[in-house]
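The values are calculated or read from the model by the stated rules, or taken from the named source; none is laboratory data. This structure is a prediction, so every number in the text was calculated from the model and none was measured. Neighbour counts are summed over all protein chains in view; Cβ atoms, including those assigned to glycine, are modelled from backbone coordinates with ideal geometry. Surface areas here come from the heavy atoms of the whole protein model, side chains and all, with no ligands, DNA or RNA. Shrake-Rupley method; radii C 1.70, N 1.55, O 1.52, S 1.80 Å.
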Amino acid sequence: MTRATACMSDSPETTIEVSHLVKTYGSLTAVNDLSFTVKRGEIVGLLGPNGAGKSTTMRILTGYLPANSGSVRICGLPVASQAEATKRHIGYMPENNPLPEDMRVSEYLWFRGRLKEMPRARLRERIDEVLELCDLKRNRHRILGRLSKGNKQRVGIAEAILAEPAVIIMDEPTIGLDPHQILIVRDLIASLRGRMSVIISSHILPEIEATCDRVLIINSGRIVAQGSPAELRQEIFGHTTYRVELAGDRENLAADLAAIEPTLKVATVGDCGPDGFCTVTLQTQSDADLGEPLLAALPPRGYRVRSLGRTQPSLEDVFLAATRRSWDARVPDKPTVNGDSRPPLPRI
Ligand SMILES: Nc1ncnc2c1ncn2[C@@H]1O[C@H](COP(=O)(O)OP(=O)(O)OP(=O)(O)O)[C@@H](O)[C@H]1O
Ligand SMILES: [Mg+2]
């Protein structure tokens, strides 16, 4: 095998399988019984506060750090016993993106491609492709040490995708970038969807929301919540909110709403204007989009609707709530459930 490409996993749908991973540094447990899988072509965001264990997890996944226990399989291969073989399937941009300061951009990519055993003719073509993709063509002959932070980040990404591996792992790829460059990197990562399995860590939450199919929120080495941003909102907050500006007799509003969706209720009624329109906040346990049913059902029941919008907590709210509830859940002396020493996680 000369190039890191096709993934020969037993399960054609799963490229990354992490099972009960534990990593300790002395008395500190940095990764604590972590299990998750990533499907082929999926983009997964790893979120967590400083020190949560994101970089440690990524180092174990990429075979640069041994775990104390648990297992990681990349493309079906165990990382612990077949580190060299699994590395062929991984493009890795480590935290802080270390680069050799005195090499030129294309020289560095050539050097890395040859280390990855890419054939020369293919490597020549591929370097042109990744320079184009990462908007680095103008900088191909520049010395790495003299590049701006953003351009260095893009060289790190170019290197990670160079050999078209099945799995890309990038530790904070957008850190230190300006909003314009964040957009470029976001598009670049999104363009990998469906072709490569990608794990990125980031503190820039709108970034994760815009790019990732699924989010793993980790705190103190444990997964405290996971799902698509929409699923996380539902899991953590347990309801969806709508804001409606409506006029009309509200005496039967509760019953009218229940007829649309049984869990749909009035949460608050805001100020009412002289024109009779009031801002009403509705809450529902339902995940379905109720915008159209509301617009269809309210006017025939005598209400006038001026505006309607679904309001949702930002991923930042979800992140703060999920990490806070995992901290709250560690308060000692709470009752145990089914022999689990951790108390049940409260809803926010
Ligand atoms: N080589 C090491 N020796 C001892 N402790 C370490 C080492 N590397 C990391 N740690 C500790 O392990 C914990 C997890 O660190 P890690 O770097 O994985 O967190 P992180 O989620 O990547 O944080 P950040 O968002 O700040 O990058 C932290 O408490 C950190 O201090
Ligand atoms: Mg880190």
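Could you tell me whether region 249-259 includes any residue that is within 30 Å of residue 326 (Cα to Cα) and of a type outside the set (S, T, N, Q)?
No, region 249-259 contains no residue that is within 30 Å of residue 326 (Cα to Cα) and of a type outside the set (S, T, N, Q).
Going by the conditions given, is residue 118 buried (at least 21 other Cβ atoms within 10 Å of the Cβ), touching a residue at least 40 places away in the same chain (Cβ under 8 Å) and assigned to a loop (DSSP other than H, G, I, E, B)?
Considered against the rule, which asks whether it is buried (at least 21 other Cβ atoms within 10 Å of the Cβ), touching a residue at least 40 places away in the same chain (Cβ under 8 Å) and assigned to a loop (DSSP other than H, G, I, E, B), residue 118 comes out as yes.
For region 35-55, the set of residues classified as surrounded by fewer than 20 Cβ atoms within 10 Å (Cβ to Cβ) and either within 12 Å of ligand 1 (Cβ to nearest atom) or free of Cβ contacts under 8 Å to residues at least 12 places away in the same chain (or both) consists of 49, 50, 51, 55, listed by residue number.
Condition test on residue 176, is it open to solvent by less than 10 Å² (accessible area, probe 1.4 Å) and either over 25 Å from residue 16 (Cβ atoms) or in a helix (DSSP H, G or I) (or both)? Answer is no for this residue.
Only one entry of 95, 132, 101 meets the criterion of being within 16 Å of ligand 2 (Cβ to nearest atom) and open to solvent by 50 Å² or more (accessible area, probe 1.4 Å), and that entry is 95. Scanning region 185-225 for residues that are open to solvent by 40 Å² or more (accessible area, probe 1.4 Å) and away from ligand 1 (no atom under 16 Å from the Cβ) turns up 186, 187, 191, 193, 194, 195, 206, 209, 210, 213, 214.
Every residue, every condition in (1) modelled with pLDDT of 80 or more; (2) assigned by TED's automatic domain parsing to the domain that holds residue 209; (3) in contact with a helix residue (DSSP H, G or I) (Cβ under 6 Å, 6 or more places away or on another chain), yes or no:
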| site | (1), (2), (3) |
| --- | --- |
| 272 | yes, no, no |
| 286 | yes, no, no |
| 297 | yes, no, yes |
| 303 | yes, no, no |
| 321 | yes, no, yes |
| 329 | no, no, no |
| 340 | no, no, no |
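Has region 256-263 got any residue that is assigned to a loop (DSSP other than H, G, I, E, B), under 30 Å from residue 232 (Cβ atoms) and of a type outside the set (S, T, N, Q)? The answer is yes; a qualifying residue exists. Being of a type in the set (A, V, I, L, M), in the same structural domain as residue 90 (by TED's automatic domain parsing) and under 22 Å from residue 311 (Cα atoms): is that true of residue 205 here? Against the criterion (of a type in the set (A, V, I, L, M), in the same structural domain as residue 90 (by TED's automatic domain parsing) and under 22 Å from residue 311 (Cα atoms)), residue 205 qualifies. Applying the set (1) outside any helix (DSSP H, G or I); (2) touching a strand residue (DSSP E or B) at 6+ places or on another chain (Cβ under 9 Å) to residue 233 leaves exactly one unmet item: (1). Do any residues in region 153-182 that are of a type in the set (Asp, Glu) have Cβ atoms under 6 Å from those of residues that are open to solvent by 10 Å² or more (accessible area, probe 1.4 Å) and more than 16 Å from ligand 1 (Cβ to nearest atom), where the two are at least six apart or on different chains, and which pairs are they? Cβ pairs passing all conditions: 159/112; 164/5. Of all the numbered requirements in (1) away from ligand 1 (no atom under 16 Å from the Cβ); (2) outside any loop (DSSP other than H, G, I, E, B); (3) at positive phi, residue 70 misses one, and that requirement is (1).
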